[in-house]
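**Student:** First the structure, which I've put down as structure tokens, then a few questions once you've had a look.
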Amino acid sequence: MSARREAGTAARPGPLNPVLAEMADYPFVILGRQRERLMPKGLEPIHFAAGDPREETPAFIREALARSVPVMSSYPATEGRAELRAACARWAERRFGVPLDPETQVLPLNGSKEGVFLLALAVVGRGGAARDTVVIPSPAYPVYAAAAEFAGARVHLAPLSSAGGWRFDPDQVPDEVWARTALLWINAPHNPTGAVLDRARLLRIAERARREGFWVAADEAYAEVYFESAPPSMLETGVENVLAFHTLSKRSAMTGYRSGFMAGDAGLIAALRRMRPNVGVATPDFVQHAAIAAWNDDAHPAEQRARYAAKRALFRDWFARHGIAIEASEAGFYLWIRAPRPAAPRPGISDDVAFVEHLLTLGLTALPGSYLGPGGEGYVRWALVPTVEQCREAIARLDRAGVRGA
């Protein structure tokens, strides 16, 4: 202990970024506290809250990784392996009909969350005349807003609604906001609602960005989880002013591998390449070899879709029979359900939080929509990630508890 401390002088703490002090707890931190308080001990939990697939990563992907683990470890290249960039570009052309130059229009990521967080730091300006605003349709993945705040941006939330089909309309944002916008986040298929934007609406958004001079970041993490027609990509409107994010987490049940990529406007990719060495490198080479195998194969995503379709059918049927309304939920592995109104509402507790707290007493987790921002109040995100057997057990618990809609 120092002489100053021995004399009784209190240590003076160092500074912290004020964004940390003002930032709300991450939704799953809040949910974790509720789980500790409400979930019965000894009852096996079944998790419908986090979008973390419980299906096995396909064997051929695991084998590709195992074969590639080197005897000696070295730093991976900042821009990723050329073979991985090429595999990503080939997949984009097969899936969306969009030709991409793997050298100038593709950059691999440590999971798409890395790119999501860094993008605002790269594009948000400072100073009186700078574009300093990030527009986010809400409810939304919370990292969009957190990243914008760390970048010093103003955040403009554009609430989505049931009446609008949970689809973003660029006309709902005032012209004066667009005039100072640096970045617009689009997430389709949408997390949490599962709504899909058609090509005509994507084109309207892209044309607005090109006319006004801002970037569109299209988070397309759920593009390969669909049940009828395949959702389009923002890249199909052209790559100018557009950056699309894709990941193997949902497509290939590879959340722990942390592998994705961003692709689009060559000028923005070049800027992000210059930025990247200051913050990190690509995933390890052995993970990249596994990713190459995954992007080169289109059979296993179809098998994953069939698994999600079976679980989706189970719960769509159960919710319908018990008077619980489902909205949107066109693609992705979430169901967006209207929370039943409790028989005895509690002051200050929204319907979605009350319903999730009741589920926790049954050993089930789900995510209140209000935790994901304005517009989500009164709804619950139900992730179809447990196994089919766990889904059937969850339905049995709901039946025994007599859970019903309003």
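**Student:** Examine segment 2-12 for a residue that is modelled with pLDDT of 95 or more, surrounded by fewer than 10 Cβ atoms within 10 Å (Cβ to Cβ), out of contact with any Pro (no Cβ under 9 Å at 6 or more places or on another chain) and not polar (S, T, N, Q), and state whether such a residue exists.
**Tutor:** Kept after step one, since they are modelled with pLDDT of 95 or more, are these residues of segment 2-12: none.
No, segment 2-12 contains no residue that is modelled with pLDDT of 95 or more, surrounded by fewer than 10 Cβ atoms within 10 Å (Cβ to Cβ), out of contact with any Pro (no Cβ under 9 Å at 6 or more places or on another chain) and not polar (S, T, N, Q).
**Student:** With the structure loaded, tell me whether Val155 is of a type in the set (A, V, I, L, M, F, W, C), modelled with pLDDT of 95 or more and over 22 Å from the mean Cα position of the chain (by Cα) or whether it fails that test.
**Tutor:** Considered against the rule, which asks whether it is of a type in the set (A, V, I, L, M, F, W, C), modelled with pLDDT of 95 or more and over 22 Å from the mean Cα position of the chain (by Cα), Val155 comes out as no.
**Student:** Which of the numbered conditions does Ala223 fail, given that it passes all the others? Conditions: (1) among the small types (Gly, Ala, Ser); (2) farther than 15 Å from Arg85 by Cβ; (3) surrounded by fewer than 24 Cβ atoms within 10 Å (Cβ to Cβ).
**Tutor:** (3)
**Student:** Something else about it: How many residues, within segment 358-406, are polar (S, T, N, Q), out of contact with any helix residue (DSSP H, G or I) (no Cβ under 8 Å at 6 or more places or on another chain) and either assigned to a helix (DSSP H, G or I) or assigned by TED's automatic domain parsing to the domain that holds Ser161 (or both)? If you could, list the steps in order and put the result at the bottom.
**Tutor:** Filtering segment 358-406 for residues polar (S, T, N, Q) gives 361, 365, 370, 387, 390.
Subset that is out of contact with any helix residue (DSSP H, G or I) (no Cβ under 8 Å at 6 or more places or on another chain): 387, 390.
After this cut, where a residue has to be either assigned to a helix (DSSP H, G or I) or assigned by TED's automatic domain parsing to the domain that holds Ser161 (or both) as well, the list is 390.
Number satisfying all stated conditions: 1.
**Student:** From the set of residues in segment 244-293 that are surrounded by 18 or more Cβ atoms within 10 Å (Cβ to Cβ) and of a type in the set (S, T, N, Q), which is farthest from Gly115 (Cα to Cα)?
**Tutor:** Ranking the qualifying residues of segment 244-293, first place goes to Ser252.
**Student:** Checking Ser370 against (1) in contact with a Leu (Cβ under 8 Å, 6 or more places away or on another chain); (2) under 24 Å from Trp166 (Cβ atoms): exactly one of these is not met. Which one?
**Tutor:** Condition not satisfied by Ser370: (1).
**Student:** Residues Leu65, Leu43, Leu84, Leu100: which one is assigned to a loop (DSSP other than H, G, I, E, B) and either crowded, with 17+ Cβ neighbours inside 10 Å or within 25 Å of the chain's Cα centre (by Cα) (or both)?
**Tutor:** Leu100
**Student:** Identify the residue in segment 46-62 that is of a type in the set (A, V, I, L, M, F, W, C), farther than 30 Å from Arg397 by Cβ and touching a residue at least 24 places away in the same chain (Cβ under 8 Å) and, among all such residues, is surrounded by the fewest Cβ atoms within 10 Å (Cβ to Cβ). Even if it seems obvious, please write down each step before you answer.
**Tutor:** Here is the first cut: in segment 46-62, the ones of a type in the set (A, V, I, L, M, F, W, C) are 46, 48-50, 59-61.
With farther than 30 Å from Arg397 by Cβ added as a condition, the list becomes 59-61.
Filter once more, so that each one left must be touching a residue at least 24 places away in the same chain (Cβ under 8 Å): 60-61.
Details: Phe60: 14, Ile61: 23.
The extreme case among them is Phe60.
**Student:** Please work out which residue is surrounded by the most Cβ atoms within 10 Å (Cβ to Cβ), limiting yourself to segment 108-129 and to residues that are more than 15 Å from the chain's Cα centre (by Cα) and without any contact (Cβ under 8 Å) to a residue 40 or more places away in the chain. Full working, then the answer.
**Tutor:** Start the filter on segment 108-129 by keeping residues that are more than 15 Å from the chain's Cα centre (by Cα), which leaves 108, 120-129.
Cutting the leftovers down to without any contact (Cβ under 8 Å) to a residue 40 or more places away in the chain gives us 126-129.
Details: Arg126: 10, Gly127: 6, Gly128: 6, Ala129: 7.
That would be Arg126.
**Student:** When residues of segment 26-40 are filtered for being under 19 Å from Ala354 (Cβ atoms) and either assigned to a loop (DSSP other than H, G, I, E, B) or assigned by TED's automatic domain parsing to the domain that holds Ala145 (or both), how many remain? Walk me through it before giving the result.
**Tutor:** To start, the set of residues in segment 26-40 that are under 19 Å from Ala354 (Cβ atoms) comprises 27-28, 30-40.
Going one step further and asking which of them are either assigned to a loop (DSSP other than H, G, I, E, B) or assigned by TED's automatic domain parsing to the domain that holds Ala145 (or both), we end up with 39-40.
So the answer is 2.
**Student:** For Ala182, indicate whether it is surrounded by 21 or more Cβ atoms within 10 Å (Cβ to Cβ), assigned to a helix (DSSP H, G or I) and in contact with a Gly (Cβ under 9 Å, 6 or more places away or on another chain). Please lay out each step first, then the result.
**Tutor:** Numbers: surrounded by 21 or more Cβ atoms within 10 Å (Cβ to Cβ): yes; assigned to a helix (DSSP H, G or I): no; in contact with a Gly (Cβ under 9 Å, 6 or more places away or on another chain): yes.
Criteria not met by Ala182.
**Student:** Looking at segment 262-355, what helices (runs of 4 or more DSSP H) fall wholly within it and have at least 1 residues that are among the small types (Gly, Ala, Ser) and either within 22 Å of the chain's Cα centre (by Cα) or on the phi > 0 side of the Ramachandran plot (or both)?
**Tutor:** The qualifying helices (runs of 4 or more DSSP H) are 285-295, 299-321.
**Student:** Let me ask you something else. Return a yes/no flag: does segment 134-143 have any residue that is at pLDDT 95 or above, more than 21 Å from Leu367 (Cα to Cα), of a type in the set (Ser, Thr, Tyr) and not in a helix (DSSP H, G or I).
**Tutor:** No - not one qualifying residue is present in segment 134-143.
**Student:** Further question: From the set of residues in segment 335-368 that are touching a residue at least 24 places away in the same chain (Cβ under 8 Å) and charged (D, E, K, R), which is nearest to Gln34 (Cα to Cα)?
**Tutor:** The qualifying residue nearest to Gln34 (Cα to Cα) is Glu357.
**Student:** Which numbered condition trips up Ile324, out of (1) over 18 Å from Ala195 (Cβ atoms); (2) crowded, with 20+ Cβ neighbours inside 10 Å; (3) touching a helix residue (DSSP H, G or I) at 6+ places or on another chain (Cβ under 6 Å)?
**Tutor:** Looking at each condition in turn, Ile324 falls short on (3).
**Student:** Here's something else I'd like to know. If we keep just the residues of segment 227-243 that are free of Cβ contacts under 8 Å to residues at least 40 places away in the same chain and surrounded by 21 or more Cβ atoms within 10 Å (Cβ to Cβ), which is farthest from Ala313 (Cα to Cα)?
**Tutor:** In the first step, residues of segment 227-243 are kept if they are free of Cβ contacts under 8 Å to residues at least 40 places away in the same chain; the result is 229, 237-238, 240-242.
Next, from what is left, pick out any that are surrounded by 21 or more Cβ atoms within 10 Å (Cβ to Cβ): 237, 241-242.
Numbers: Thr237: 33, Asn241: 38, Val242: 35 Å.
Here the answer is Asn241.
**Student:** For Ala266, state whether it is in the same structural domain as Trp185 (by TED's automatic domain parsing) and at pLDDT below 95.
**Tutor:** Answer is no for this residue.
The values are calculated or read from the model by the stated rules, or taken from the named source; none is laboratory data. What you see is a predicted model; the values in this text were computed from it and never measured. Cβ atoms come from the backbone with ideal geometry, glycine included; neighbour counts cover every protein chain shown.
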